[in-house]
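Heads up: the structure comes next, in structure tokens.
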Amino acid sequence: MLAEAAQGLALAEALGRFGQHGLYSAFYWTYPAENSPAFWAFRAFRNYDGQGAHFREVSLPTEAPRDLSLFAARSLDGRVVSLVLLNTSTTETFEAAINLKGCALPEAQRVFRYTGEPSGFEAREVAPGKAYRAPPSSITVVELKLGPPPR
């Protein structure tokens, strides 16, 4: 199970890096088995809520410490920001605080976490402005709806 989880995290990492560096398309040789870690890695970027929610269109620069990867993008209108946080440590849980420099404050957010279970992403309650808990070998997706730009 640990090797499969690592494969899912590696795939999510690759997909995030592709987006960061403007890769327009890529080919995955086979369709990942339903409910496998690879399946959920793709869902982190293409349908994390099961209703079509997806990673946004304009990549944003990010920084993250060792064992964490953070990918961020905003919608074309700048009102929605999506974050994908990967904890690649197999033993450590991290509390990740996200600093949105130069953005309006979030009015609403949705948080989804995948920890290797075949059932996939689980919706989480996290108050805006609070740290996000990233368990070992997990994928956390955060969708922020931003308020009007500051004046």
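For the chain, a Gaussian network of Cα nodes joined below 10 Å ranks Thr115, Thr91, Thr30 by mean-square fluctuation, and the top entry is Thr30. Annotation for segment 7-71 versus segment 116-141: alpha-carbon center distance of 15 Å.
List the chymotrypsin sites (Phe, Trp or Tyr not before Pro) in segment 1-48 that DSSP assigns to loop (not H, G, I, E or B) and whose Cβ has at most 12 other Cβ atoms within 10 Å. Which are they? Hits after loop and neighbour filter: Tyr24, Phe27, Tyr28, Trp29.
Across the options Ala10, Ala33, Leu23, the greatest Cα extent toward the positive end of the charge dipole of segment 1-87 (unit charges at beta carbon of Lys, Arg, Asp, Glu) belongs to Leu23. Relative to the longest principal axis of the Cα atoms of the chain, helix 2-20 runs at roughly 40 degrees. Annotation note: GluC sites (Glu not before Pro) in segment 52-113 located in DSSP loop regions with a Cβ neighbour count of at most 14 within 10 Å are Glu57, Glu63, Glu92.
Counting neighbouring Cβ atoms within 10 Å and putting the fewest first, the residues Ile98, Ile139 line up as Ile98, Ile139.
The long axis of helix 37-46 is offset from the longest Cα principal axis of the chain by roughly 20 degrees.
Here, each number is a calculation from the coordinates, and none is a lab measurement. Since the structure is predicted, the reported quantities are computational estimates derived from the model, not experimental observations. When we count neighbours, we look across all protein chains shown, and the Cβ atoms used for this are built from the backbone with ideal geometry, even at glycine.
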